[in-house]
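The values are calculated or read from the model by the stated rules, or taken from the named source; none is laboratory data. This is a predicted model, so every value here is computed, not measured. Quick reminder, even Gly has a Cβ in these numbers, built from the backbone with ideal geometry, and neighbours come from all protein chains shown. Only protein heavy atoms, including side chains, enter the accessible area calculation; ligands, DNA and RNA are left aside. Shrake-Rupley method; radii C 1.70, N 1.55, O 1.52, S 1.80 Å.
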There are 2 protein chains.
Amino acid sequence: MTLRALIVGAAAGGGLPQWNCNARNSAAYWREGAGAPSATQSSLAVSSEGANWALINASPDIRAQIMARSQLQPRSDQGLRDTPIVSVLLTNADIDHIGGLLTLRERQAFQLITTAEVAEVLAANPIFNALDPALVTRRVIGLEDPFDLAPGVRASLFSVPGKTPLYLEGETVETEVLGEQTVGVELSDGASSFFYIPGCAAMPAALADRLGGAALVFFDGTLWEDDEMIKQGVGQKTGRRMGHMPMSGEGGSLAAFSDLGVARKVYVHMNNTNPVWRSGPERERAEAAGWEIGYDGMEITL
Amino acid sequence: MTLRALIVGAAAGGGLPQWNCNARNSAAYWREGAGAPSATQSSLAVSSEGANWALINASPDIRAQIMARSQLQPRSDQGLRDTPIVSVLLTNADIDHIGGLLTLRERQAFQLITTAEVAEVLAANPIFNALDPALVTRRVIGLEDPFDLAPGVRASLFSVPGKTPLYLEGETVETEVLGEQTVGVELSDGASSFFYIPGCAAMPAALADRLGGAALVFFDGTLWEDDEMIKQGVGQKTGRRMGHMPMSGEGGSLAAFSDLGVARKVYVHMNNTNPVWRSGPERERAEAAGWEIGYDGMEITL
């Protein structure tokens, strides 16, 4: 058995470039085009045999992502309607993780797998009826309750610190809630396993224990430093306020993973403001700490 | 004064290729890649001076569309957040026309202009609160009531035969409703004017009268023949059942426009099953009747 992970989109919400952004990384794209670093929004595809894939999160860029990845395209020896995507699992209800559901219409059957809390968000928006209930089975999965995600791939969801999606925020916002609104995923083919955690606001001891000694972890790399968006003048919020622990600094992921003995660590869900998108001291520091910087199309086999 | 129209996306819902389609046109893309015809989903940009643009419909492909069109990108001499898009006008509430709204977030001000019926659809889906109400002004416009769409561009909405979006269909469906759920747009800079009608189920006499003698009409080119999707084995519905009159046949747009004296006629919103995407007798027949087949990036100046 082989366990395959394909980074479909390595960027956080907005992507790189972001449609209305003139900060350094996005501006480089507007100026230089394809010569500058670019990435689509957050999604990972997982397979055991390579024929059937589960998509973890459906980004608004999903049509362009499928056009760019032959693994996810209709197969020439199949029918007039075909996709190798057998299931879509959502790790939260943020726009960058659910917007792409609107593209997965056109009378195609697949399983849509969420926690009960994320299922409620979808149910509250009739536009998601674009996914015909007769064809798209909505399956609610509890935390710590292993299930079949794709042929040969077992998965299990666990709570990680997070917050409610921005578009559902009320007057007060709790940013490190442990519940069903933000989850990490453990994937396994019985022999090998890895973790996918594209959003995580903090590293409690229980989560560190869970990840310790893992063969592979894809982890939230939204920001390099907590006040990065404030410093760059493009926002008023810290990373933690947005539900994301930074890479650097006290309580950042570089520090949190330093003693966990994880064999392979890959950053995903990088915001377009993150300096690790280009060569420089921040990227060097992350790589020196044993991290790889994920990119669209990166495929890892376990 | 100059009036500019830029086809941002020439394809109907699903785009070309469509994510799960193996019919001829989509399959050519999966096999040949960029060598095969391709197009993003339905959207037109309009400007008078070329600095500020109104977007008519926000397709799910909008991020890729902005990346492909320098006219719609942040300007290098502006602030850290910038867009030349000053307003977004919706002609109906179909997914291919509203899905892209979810991408136009990230604290950017613009006007979102709809009829009252389309406004209700948006209001019924809290996910569109991703467009911060403090920044994105929702403006409801009545039929036949001219308004400023962008600097130097006046617009007026008029009813065209259409139907409710698929995801809101009930047990019975009326397919040629004249109301506020599907509209056409007349654009004018005071000297020149043109029409944009990406969805239209039939050509009543009043609509023919309105379009007669126009300098330019962009018109619904979804299907070549009414039962095209049934014939190709990819659907059970006729074009008219989906709210779109075909190009060919009795009551099709080729016949309906033959005596209207429209100076320039451009098909848009072509479905991926339409044979006019490639060279052949259907495309020749449309071109012989004076039609141009729209494509992504086509820009027309009046």
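Looking at the range A:4-301, the accessible area is 35 square angstrom per residue; that uses a 1.4 Å probe and ignores ligands, DNA and RNA. Positive end of the dipole of the range A:1-113 (Cβ unit charges, origin at the Cα centre): among A:Val88, A:Ala11, A:Ala54, the Cα lying farthest that way belongs to A:Ala11. Helix content alone sets the calculated 222 nm mean residue ellipticity of chain A: runs of n ≥ 4 DSSP H residues at -39500 (n - 2.57) each, divided across all residues, give -4000 deg cm²/dmol.
Comparing Cα centroids, the range B:127-186 and the range B:253-302 end up 24 angstrom apart. Across the range B:126-141, rounded Karplus estimates of 3J(HN,Hα) from the backbone phi angles (6.51 cos²θ - 1.76 cosθ + 1.60, θ = phi - 60°) give x, 4, 6, 5, 4, 8, 3, x, 6, 10, 9, 7, 8, 10, 9, 10 Hz, Gly and Pro being marked x.
For chain B, the antiparallel share of DSSP beta bridges with both residues in that region comes to about 50%.
Ignoring ligands, DNA and RNA, please state the percent of accessible area on chain A from carbon and sulfur, probe 1.4 Å. Please report the intermediate quantities before stating the final value.
Details: 5080 of 10610 Å².
Ligands and nucleic acids excluded, carbon and sulfur reach 48 percent.
B:Val8 sits among other residues whose Cβ lies under 9 Å from its own Cβ, and their net charge, with Lys and Arg +1 and Asp and Glu -1, is -1.
Residues of the range B:104-141 whose accessible area (probe 1.4 Å, heavy atoms of protein chains only) drops by at least 40 Å² once all protein chains are present, relative to their chain alone: B:Arg105, B:Glu106, B:Asn125, B:Pro126, B:Ile127.
With the Cα gyration tensor of the range A:16-126 giving a ≥ b ≥ c as the square roots of its eigenvalues, does the rule (a/c under 1.5 for rounded; else a/b larger than b/c for prolate; else oblate) give rounded, prolate or oblate?
On the way: a/c = 2.27, a/b = 1.33, b/c = 1.70.
Judged from the Cα gyration tensor, the range A:16-126 comes out oblate (a/c at least 1.5, b/c at or above a/b).
How much length, in nm to one decimal, is gained on full extension between A:Lys237 and A:Glu144, taken as 0.36 nm per residue of separation minus their Cα-Cα distance? Before the final figure, lay out the partial values.
Working: separation 93, 0.36 × 93 = 33.48 nm, distance 3.19 nm.
My answer for the length gained is 30.3 nm.
In debye, nearest 20: dipole of the range B:4-301 around its Cα centre with unit charges on the Cβ of K, R (+) and D, E (-)?
Working: 23 positive and 35 negative charges, 148 e Å.
In debye, rounded to 20, the range B:4-301 gives about 700.
Close amide H partners of B:Trp224, meaning residues 5 or more places away or on another chain with modelled amide H under 5 Å apart, are B:Met247. Bridging of A:Lys237 to aspartates and glutamates at a Cα separation below 16 Å is possible for A:Glu169, A:Glu171, A:Glu174, A:Glu176, A:Glu225, A:Asp226, A:Asp227, A:Glu228, B:Glu106, B:Asp132, once same-chain residues fewer than 8 apart are set aside. From the square roots a ≥ b ≥ c of the eigenvalues of the alpha-carbon gyration tensor of chain A, which class results: rounded (a/c under 1.5), prolate (a/b over b/c), or oblate? Cα axes put chain A in the rounded bin.
Would you mind giving the total buried accessible surface between chains B and A, with a 1.4 Å probe and ligands, DNA and RNA left out, rounded to the nearest 100 Å²?
On the way: alone 12960 and 12970 Å², together 21210 Å².
Adding both sides of the contact gives about 4700 Å².
Working note: Cα atoms of the range B:198-252, range along each principal axis, descending, whole Å: 38, 18, 17. With viscosity 0.890 mPa s and temperature 25 °C, the Kirkwood radius over alpha carbon pairs of the protein assembly as shown converts through Stokes-Einstein to a diffusion coefficient of 99 µm²/s. Taken about its Cα centre, the range A:35-167 carries a charge dipole of about 240 debye when Lys and Arg each add +1 at the Cβ and Asp and Glu each add -1 at the Cβ. Pairs of Cα atoms nearer than 8 Å and 6+ residues apart set the relative contact order; for the range A:4-301 it is 19 percent.
What do you get for GluC sites (Glu not before Pro) in the range B:228-302 restricted to DSSP loop and a cutoff of at most 16 other Cβ within 10 Å of the site's Cβ? Don't skip to the end; give the middle numbers.
Numbers: sites: B:Glu228, B:Glu250, B:Glu282, B:Glu284, B:Glu287, B:Glu292, B:Glu299; in loops: B:Glu250.
The qualifying sites are B:Glu250.
Under 17 Å of direct C-alpha separation, and excluding same-chain neighbours fewer than eight residues apart, A:Lys231 reaches no lysines at all. Placing pseudo-labels 7 Å out from each Cα toward the beta carbon at A:Ala109 and A:Ala208 gives an inter-label distance of 4.7 nm.
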